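K.L.:
Once you've had a glance at the structure underneath, I'll fire off some questions.
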Amino acid sequence: MAEILVVDDDPGIIKLLEGFLSHHGHTVAAANNLSAGLAAAQKGSFAAILLDVYMPDGNGLDFLPQFRAVSSHPEILIMTGQGDQDGAEKAIKSGAWGYVEKTQLTRDLNLHLTRALEYRMEKGRSNPQPVSLKREHIIGNSPAISRCLDQLALAASGDVGVLLTGETGTGKEVFARAIHDNSKRAAGNFIVVDCASLPENLIESTLFGHSKGAFTGAGQAMDGLVKLADSGILFLDEVGELPLHLQKSFLRVLQEKHFRPVGGRQEIHSDFRLVAATNRNLAEMVEAGTFRADLLFRIQAFTIHLPPLRERTVDLKLLAGHFMGSLCERNNLECKGFSSDFLATLTAYDWPGNVRELFQTLEQAFTVALHSPTLFATHLPEKLRIHQARSSITAQPQQPAQTPENLVNQGPPPPLQEAKDRFEREYLHQVLALSQGNVSAASQMAGLSRTHFYRLLAKHKMQG
């Protein structure tokens, strides 16, 4: 039978499961918090882990990727005392085998566990050869990106259509190219179609080509992008922007792999594989009537969701090092180092533009620090440094309300002008410290013009 780890803070549940699992022939170990559970999982060789959600030191769902990543690669079954549909969805997306309510443990657990162990046994017997992916442009080793790489390997080994989802700038085209480079179609073309920039009056001829004289300006016949993708991959970027009237035509091309060029009489064959990408919710578009349901079913045979950068900040240093190395090599410069405050400022920011915004920011910092061997936080754009400064300030405890009695005990107040001057000096010291001495950032933080800010510095004989 199997070695099972139970991670739960309820002694009654642990005792129940120890008896239940032992009765079915399993060896059981237990931990009453996530830290102890993770330590046990890293040392042991467990086939399965029963993981509670609400623990004293965190949420089990947030730790799920770390439990999956231990050397024994156990199957994870999530247990919860509260039925939560969103939690169930998160568990499955994070790689859990199943999601069991504690009220139904004795009824449902054995079936879930038996199937998970059967799957694990069959997976072990198949003994798949390790896949060496070509992933030179996919940087990072975080659990989030590792899951995507596992899916990429599966997608590359087949020939079904793939839908890449994720926010703008998460690297959807990079993943699409990696699918192409690791697939049996690597020798064929990788054809990119940016659906958001296709001209409305030329969209059909761009995709399907046209015959000579098909329309004004068509002086000669021209193959479309679908034909150029024959034996390769057609990448439809921002597929949600494909006009509704063209979606039906494209669906037929996907199904039949035949199409007729604009103005043409003969149908042309193209054996392409489709990879599509979107930053939009296509299911919501279907409900709104702006995207065809049948086309969505066709293109989402295999879906990979790419995580935003804020969910994989552990990869920031690797990403920054890779891109900065490329910039230095391109400009024939020695590789630049990063100070701790530089990396801390990168980590504190939430990167709404994701990896694309990170690379643009690093390129700007590289330009500012062109002749400096080390990059410091001061080389980064002001908005990042201001964000870091603001996030580093802890909220001050609210002071008790002043009463006439304690005001008398404090003695007479200073003259009004002296109090104003004292406040101004303290305020100026504070904003200068937060902006690391950068007057432009400090004046912006204070809501003052630089001229006004310098005037206040001079008044109080302070250096900017």
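The values are calculated or read from the model by the stated rules, or taken from the named source; none is laboratory data. This is a predicted model, so every value here is computed, not measured. Using ideal geometry, Cβ is built from the backbone for each residue, glycine included, and neighbour counts are taken over all protein chains shown. Accessible surface areas use protein heavy atoms only, side chains included; no ligands, DNA or RNA. Shrake-Rupley method; radii C 1.70, N 1.55, O 1.52, S 1.80 Å.
K.L.:
Using only Cα atoms, locate the centre of region 86-122 and the centre of region 297-364, then give the distance between them in Å, rounded to an integer.
P.N.:
The distance from the Cα centre of region 86-122 to that of region 297-364 comes to 35 Å.
K.L.:
Give me, ordered by chain and number, the residues 5 or more places off Leu375 or on other chains with an amide H under 5 Å from its own placed amide H.
P.N.:
Excluding prolines and chain starts, which carry no amide H, the hits are Gly337, Phe338, Ser339.
K.L.:
Sticking with this one: Quick one, what does Rg over Rh come out to for region 4-161 if you take C-alpha atoms and the Kirkwood Rh?
P.N.:
When Rh is taken as the Kirkwood radius, the ratio is 0.99.
K.L.:
Continuing with this model, one more query. Each residue of region 164-169 in turn: what ³J(HN,Hα) in whole Hz from Karplus with 6.51, -1.76, 1.60 and θ = phi - 60°, glycine and Pro shown as x?
P.N.:
9, 10, x, 5, 4, x
K.L.:
Any idea how far apart His429 and Ala288 come out in nm if each label point goes 7 Å out from Cα toward Cβ?
P.N.:
Rounded to a tenth, the inter-label distance reads 5.3 nm.
K.L.:
Rounded, prolate or oblate for region 198-271? Axes are the square roots of the Cα gyration tensor eigenvalues, ordered a ≥ b ≥ c, and the cut-off for rounded is a/c under 1.5.
P.N.:
oblate
K.L.:
Spin-label point model (7 Å from Cα, Cβ direction): what's the His73 to Ser339 distance in nm?
P.N.:
Result for the modelled spin labels: 4.4 nm.
K.L.:
Here's a follow-up. Could you give each residue of region 325-337 its phi-based ³J(HN,Hα) in whole Hz, using Karplus coefficients 6.51, -1.76, 1.60 with θ = phi - 60°, and x for Gly or Pro?
P.N.:
Each residue's phi maps through the Karplus curve to give x, 5, 5, 5, 5, 5, 9, 6, 10, 4, 5, 8, x Hz.
K.L.:
I've got another one for you. Have a look at the DSSP beta bridges in the chain and tell me what percent are antiparallel, nearest 5.
P.N.:
Expressed as a percentage, antiparallel bridges in the chain total about 10.
K.L.:
Another question about this same structure. Could you report the accessible area of Val314 in Å², rounded to 10, computed with a 1.4 Å probe on the protein chains as they sit in the structure?
P.N.:
Using a 1.4 Å probe on the heavy atoms, I get roughly 100 Å².
K.L.:
Distance check, please: which entries in Lys134/Lys336; Lys184/Lys336; Lys90/Lys172; Lys212/Lys257; Lys43/Lys90; Lys90/Lys184 exceed 29 angstrom between their Cα atoms?
P.N.:
In this structure, Lys184/Lys336; Lys90/Lys184 lie more than 29 Å apart at Cα.
K.L.:
I need the trypsin sites (Lys or Arg not before Pro) found in region 270-312, filtered to DSSP loop residues with at most 15 other beta carbons within 10 Å of theirs.
P.N.:
Those satisfying the criteria are Arg280.
K.L.:
Can you pull the one-decimal nm distance between simple spin-label points at Glu18 and Lys134, each 7 Å off the Cα toward Cβ?
P.N.:
It is 5.4 nm.
K.L.:
Another one. Could you sort the peptides 258-270, 328-340, 163-175, 7-19 by per-residue average Cβ neighbour count (10 Å cutoff), highest mean leading?
P.N.:
The most tightly packed comes first, giving 163-175, 7-19, 258-270, 328-340.
K.L.:
³J(HN,Hα) across region 252-265 via Karplus (A = 6.51, B = -1.76, C = 1.60, θ = phi - 60°), whole Hz, x for Gly/Pro?
P.N.:
Rounded to whole hertz, the list is 5, 4, 4, 6, 9, 6, 10, 7, 10, x, 4, x, x, 9.
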